[in-house]
Structure formats: structure tokens, C-alpha cells
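No lab work stands behind these numbers, since they all come straight from the coordinates. In this text, all values refer to a predicted model and were calculated from it rather than measured experimentally. Every residue, glycine among them, receives a Cβ derived from its backbone with ideal geometry; neighbour counts consider all protein chains shown.
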Amino acid sequence: MDIGLGLLTAQRRPDDDRSTTEVYDDLLTIAETADQAGLESVWTSEHHFTDDGYLSGTVPTLGALAGRTDEITVGSAVGLAPFYDSVRLAEDAATIDALSGGRLTLGLSIGYWDREFENFGVPKDERTDRTEDAIRVLRNAWEPGPLEYDPDYHAVDPGTEVTPTPDEAPPIVLGGLAKPAVRRAARMADGWCANEMLSLEDVETRMADIRRVREEEGIDGEFTTYVIRYGFVGDSEAEAWERMREGYFYQQRKYAEWMGDEDVGDGLSEEKKAELREDAIVGTPEQVREELATYRERLGDDVHVIFRSYCPGIGTDALCESIERLGREVAPEL
């Protein structure tokens, strides 16, 4: 089992008086801490047009994270494929991969928030086709020689050679909860990213479906399941939960607003808060190890857990302390 850190979102709660420069400098500090602690990966997220500064510049941020670190994989969980010029994305991703020595994993998804589609002028009913088209562009662009693909959503001559050419193509990981999205990952990607909304049983069911699809269609090669789980390491379960609770609830309120495209204010119900608390993996290193060991037992050694500790308002020093303990006292035992 591999353990990574996520998701770097650059959000600021209303009581956060840091400048934008300070927020982004903290992202680099956090990634450097994760690298030095021996974690396997660090991940960004992506949204646009928010009132709290949610990370929108995924590609430049991944480049900066790669430049600040030495060993750790840098990845997006996930980039919103319909909003990208796929040829430029292929160039930029290959450049980050080269600069990092092959440490990029590119996670993509079709998106869901109406506001983003409206403001980018992208019809929402094209999101699946645009994503699949982008994946084909990426795959072809990262091979030596001409593109040899005529994209549906980009006017580029198939005889064009897109550079740089990676020494080895970066893995592509697809997110999504619904059966079509999971099967798209099985057919077109090198991995699937299960977000925190899915229970352990849900992940098991979808992993079995992925294995079945790949076996039936004769698809070979490595395939990794990435499981995002909120969590925090502290001196006690109560202390760890206290550290992350408000930022965790804030973030979940924001996601609820975007899913419904309306302001929910402080409207998380007590039932929802209890559910979120149950889902979070918090506690001492030993408690966190024990819970993550259950994931390894049920999902297998190949699973890659993205431990989602970055929540708005926690504070960089407290977060880095949790990261160090995750890397040195939890991950080596798993």
C-alpha cells in the first residue's frame, strides 16, 4: 500500500488573512514536507470561479511542486479535462514530467459544476466526449513522431509532432463515481481515483468491475486504484479531530453548494456531520495505521491511499507535523 498526501486546494476561509503569495508558498512547504517525510505522492485539486480561491492553476502548480521536491510523485486529483486545450495539456504535462524526472501522474475528470461550464463556454453535454478525446490526444502526443490523430475538439494537423516527447508516458488516472466513469477508467486509463464520497464497500464493488472489464476486453498493463480519504495524525483521536474538523466541514459545505449550485451556509445537518466524522481517519499514528490496514486487507497491496489532510484553516505548522508523523510513523508500517 502506498500513502500520498492531498488535496492541495489553496482555499482560504473568511478568517484567513494570508496573502495569495503566502497561501501558495505554504503549498510548496507542505509538498516539501511530504517529500522529506517519505510519502509516495502529493496531489492538487481543481475548481474555478470560487469565492475562496480554490486552486485553478493545476498545471503551473504541479510544475512548482515538482521543482520544490526530489522524490515524491506529483499528481492532479483531478484536473478538469473538458476545459483544457488538449494539445497544450499534452505539451505542459510532458514538460513537467521531464523537469521532475518522470514524477508526474495526470489525473483527469469530466467535471460537474454548471458555473464552470458556463464560464468556459463549454457545453456540459460534451464533457464526456471532450474528456475521451483529450485522453486520445495525450496518448498519441506522448509517442515519438506525428500525432496521427485527428481530434474532434482541436484543429490540429494529424501530421504535427507534439513535443517534448516523454521518456515514458505519464500515467493517466480518471476520477468518477458512476459506472460509466469507472468503466471509462478501466478501458482508457492507468488508474482510477475513488473520492471520499465512496464507502469501502463501494470501492470494492467498483474495483471488481474494473478487473472484470479489463479481463473481458483483454486490457493488459498496470492499473492502480487511488482512494481519497480525509484524515489527520495527532497525539490523540480527539486532538486530531479537533485540528481538522472545522476546515473539513467548511470544505464539505462548499462542495455541497457547488453540487447543488446554491448557498447552503452553515447547513450541514447533524446527521451529515456525524457521517463525515465516521468517514474521517483520525487519531494517533497507531490508530491511523490500524484503520488503513483494513483498507489494505480489503482492497489489496496495490491500492494507493491519498490521505486528505489539507483542509482550510488547519495551519501549515500543524499540518506539516501531521504529515511528518504520517510519513515516518504510519506509512512505513503499511
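State the three equivalent ellipsoid semi-axes of region 170-267, derived from the C-alpha gyration tensor as the square roots of 5 times its eigenvalues, in descending order and whole Å. Numbers along the way, then the final one.
Details: eigenvalues 203, 62, 23 Å².
So the three semi-axes of region 170-267 are 32, 18, 11 Å.
Report the FRET efficiency, 1/(1 + (r/R0)^6), for D302 and D17, where r is their Cβ-Cβ distance and R0 is 41 Å, rounded to 0.05.
It comes to 0.45.
State the extension gain, in nm to one decimal, for the chain segment bounded by E161 and E286, taking 0.36 nm per residue of separation less the distance between their alpha-carbons.
My answer for the length gained is 39.8 nm.
Over the residues of region 1-127, compute the C-alpha Rg and express it relative to 2.2 N^0.38 Å.
That works out to 1.07 for region 1-127.
Give the Kirkwood hydrodynamic radius (Å, one decimal) of region 263-334, defined as one over the mean of 1/r across all pairs of different Cα atoms.
One decimal place: 14.1 Å for the Kirkwood radius.
Need one number: nm distance between label points at E246 and K179, each 7 Å from Cα along Cα→Cβ, rounded to one decimal.
Result for the modelled spin labels: 4.4 nm.
How large is ³J(HN,Hα), in whole Hz, for each residue of region 105-113 in order, when computed from phi with the Karplus curve 6.51 cos²θ - 1.76 cosθ + 1.60 and θ = phi - 60°, using x for Gly and Pro?
Listing the rounded values in order: 10, 9, x, 9, 8, 7, x, 8, 7 Hz.
Measure out, as a whole number of angstrom, how far apart the alpha-carbon centroids of region 156-212 and region 35-53 sit.
Taking the Cα centre of region 35-53 as reference, the centre of region 156-212 is 19 Å away.
Report, largest value first, the span of the C-alpha coordinates of the chain along each principal axis, in whole Å.
The Cα atoms of the chain stretch 60, 40, 37 Å along their principal axes.
Quick one: work out the % antiparallel among DSSP beta bridges in the chain, nearest 5.
Restricted to the chain, the bridges split so that about 0 percent are antiparallel.
Could you list which residues have their amide H under 5 Å from that of L7, counting only those 5 or more apart in sequence or on another chain, with H placed in the peptide plane?
Residues meeting the criterion, in which the H sits 1.01 Å from N, are S309, Y310.
When Rg is the radius of gyration of the Cα atoms in region 62-170 and Rh is its Kirkwood radius, what does Rg/Rh come to?
In region 62-170, Rg relative to Rh is 0.99.
Between S236 and R136, what is the label-to-label distance in nm when each label sits 7 Å out along the Cα-to-Cβ direction?
For the pair S236/R136, the computed spacing is 5.9 nm.
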